[in-house]
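Notes for the one structure printed next.
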Amino acid sequence: MALEVLKDPQMISPASVFYFLLLPLLSLWYIYWRMSRRHLYELADRLPGPKGLPIVGQLFDVLGPASSVFSTVIRKSSEFPHVCKMWLGPKLLVFIYDPKDVEILLSSQVYIDKASEYKFFKPWLGDGLLISTGHKWRSHRKLIAPTFHLNVLKSFIDLFNENSRNVVRKLQSEGGKTFDCHDYMSEATVEILLETAMGVSKKTQDKSGYEYALAVMKMCDILHLRHRSLFLRSEFIFTLSKYYKEQGRLLDIIHGLTKKVIKYKKEAFKMGTRGSLAKYEWTENGELITESLNGNSNGNAQKEEKVKDEKVTTVEGLSFGQAEGLKDDLDVDDNNVGEKKRLAFLDLLLESAQNGATITDTEIKEQVDTIMFEGHDTTAAGSSFFLSLMGIHQHIQDRVIDELDEIFQGSDRHCTFQDTLEMKYLERCLMETLRMYPPVPLIARELQEDLKLASTDHVIPRGATITVATIKLHRNPLVYKNPNVFDPDNFLPERQANRHYYAFVPFSAGPRSCVGRKYAMLKLKILLSTILRNYRVYSDLTEEDFRLQADIILKREEGFRVRLKPRKPQASMKSPTPTNTAAPTMS
């Protein structure tokens with residue numbers, strides 16, 4: 001019958017010919033596609049992981065509310081102690097959470113390409129440090145890293161203090177009510193970044209840092225939605241959706257701020273002014289009064305001379321957010337950093353461009369966008385988790401307050417760098433917060449070469465997306481005795497000495513570690529200690545009530561709801577006595 005149809009030209013239509021030829025063509029393409037990925041499939045078959053559905057794999061597990069997706073992925077990978085594979089349609093995703101395997105990945109100079117999902121950040125961050133790779137990433141990382149060395153950060157302490165006290169004043173409006181502290185932390189971290197790393201005043205903004213922070217939050221929602229939606233992954237379909245228009249509106253807010261920041265810094269540079277503009281004079285419309293630059297230039301010159309004359313300090317034994325003994329380019333001795341490189345972030349970028357460095361105005365904007373995003377949202381989440389945990393574990397908060405009273409002896413003076421070195425217990429609480437609730441719960445790389453694991457005989461094939469599941473790494477029962485218990489003593493020196501360096505990486509590690517790690521830790525110590533010197537924190541929820549969601553940054557679906565009660569600092573006559581600080585939390 002089929003032959004008779006083909007012989008009769010009146011019964012043959014162009015559509016029937018098209019479909020007749022399309023089927024074998026699709027079959028051939030599928031066979032070729034499978035053959036080209038044969039190496040990936042062969043090695044993937046040997047990897048452990050939950051059983052998925054044909055063709056789609058575990059794709060349906062990533063549909064639904066963000067909190068349920070996160071808990072499902074954690075639950076399904078829990079029976080595999082070292083590595084777990086999941087198929088999301090044709091995409092192979094491999095989670096690793098053994099510190100030996102994490103070291104191989106993060107310490108490598110080869111496996112540095114970010115996962116393809118990071119392309120969704122490109123309209124926002126361009127080719128900033130988060131996304132770029134190869135020579136461009138290396139040259140810009142080398143340029144930027146010295147701006148976050150310790151002796152640069154110490155010059156920010158006055159601004160950290162002023163902004164922290166401003167937060168304390170704003171919190172008075174809550175008057176014992178239950179509220180979401182993340183709103184305050186988010187606004188504060190934006191404004192601190194503007195006045196320190198960017199070196200401009202809050203007055204350069206038409207509105208508060210909260211508008212920028214809100215725009216960032218909504219942008220993260222859109223990016224997370226694109227990660228989980230097969231349809232919105234397509235640029236064509238995305239541009240037809242309502243989210244594309246909303247993304248454009250949000251980027252206008254975000255990029256509007258960074259362009260304004262660069263504009264004011266360039267204006268100051270023309271007047272020969274370096275350093276933060278936070279203490280200069282501004283009009284009511286947020287315009288810089290250029291006459292005030294000239295009036296302050298002599299004072300700035302004297303300050304710079306004083307900084308040059310000061311002895312460069314290197315603090316031994318401090319981890320600044322990572323395991324002791326784990327080093328990166330932020331741990332280079334400041335004596336080896338040239339005098340010109342001891343500038344704040346944006347100052348150095350602009351001065352380098354003026355002196356002929358290979359960085360364009362567009363690239364400066366991309367790096368500013370990147371640091372503004374990475375520097376505010378992560379620390380806002382970390383500080384919000386810290387306050388929530390203090391509210392839940394009152395006996396641990398007691399010890400933190402006792403330590404602060406011992407340091408400050410009831411005074412209302414500003415916090416100094418030396419004070420932050422004395423905050424041993426607060427630092428342990430902060431590190432334990434970052435262990436249990438790392439702001440970046442997943443670190444994903446795209447493999448261009450096979451990776452042999454150290455924990456098992458498995459090999460992860462090129463073409464796979466390999467993901468360090470930070471939250472599982474930090475709660476690995478093979479590493480931590482009671483992984484789901486909030487216990488600041490996990491970071492006593494003797495306990496850290498017995499752990500693998502890569503068992504704790506809240507700021508990533510290796511060549512692509514977070515460039516603002518020391519900045520974040522110093523800022524958080526001053527901000528959180530200032531709050532706890534003035535308030536006691538309470539929470540009506542427990543950790544079992546947390547509904548975690550990993551939409552780019554780890555957050556709580558229900559918000560970070562706490563209550564505050566004003567307290568007066570007390571003079572302490574002795575150091576707090578050690579007590580059992582372990583506290584049960586979610587399983």
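The values are calculated or read from the model by the stated rules, or taken from the named source; none is laboratory data. Since we're looking at a predicted model, the values are computed, not measured. Because the Cβ atoms are built from the backbone with ideal geometry, glycine has one as well, and the counts that use them run over all protein chains shown. Ligands, DNA and RNA are stripped out before the accessible areas are found, and what is left, the full protein with its side chains, is counted by its heavy atoms. Shrake-Rupley method; radii C 1.70, N 1.55, O 1.52, S 1.80 Å.
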Checklist line | Asp545-Thr360 pseudo-label distance in nm [points 7 Å out on the Cα-to-Cβ vector] | finding: 5.2
Next item on the list: With a/c under 1.5 counting as rounded, go ahead and sort segment 166-250 into rounded, prolate or oblate using the C-alpha gyration tensor (a ≥ b ≥ c being the square roots of the eigenvalues; past the cut-off, prolate if a/b is larger than b/c, else oblate).
Entry: prolate
Item checked: Check: segment 10-146 dipole with +1 on Lys, Arg Cβ and -1 on Asp, Glu Cβ, in debye -> 280
Margin query: Taking the full set of protein chains and a 1.4 angstrom probe, give the accessible area of His182 in square angstrom, rounded to the nearest 10.
Written below: 10
Checklist line | For segment 40-79: rounded, prolate or oblate by the Cα gyration tensor [a/c cutoff 1.5] | finding: oblate
Check: Could the peptides 431-441, 550-560 be put in order, highest first, of the mean number of other beta-carbon atoms found within 10 Å of their residues?
Finding: 431-441, 550-560
Notebook entry, point to check: If you rank Arg169, Arg445, Arg428 by how much accessible surface each has, with a 1.4 Å probe, what is the order from largest down?
Noted result: Arg169, Arg428, Arg445
Next item on the list: Please list the non-local residues whose amide H lies under 5 Å from the amide H of Ile553, H modeled 1.01 Å from N, same-chain partners needing a gap of 5 or more.
Entry: none
Check: If one computes the Cα centroid of segment 153-188 and of segment 65-131, what distance in Å separates the two points?
Finding: 33
Next item on the list: Would you kindly state how much longer the chain becomes between Ser411 and Leu251 on full extension, computed as 0.36 nm times their sequence separation minus their alpha carbon distance, in nm to one decimal?
Entry: 53.2 nm
Margin query: Checking the a/c ratio against 1.5 first, then a/b against b/c, what shape does the Cα gyration tensor give for segment 431-472?
Written below: oblate
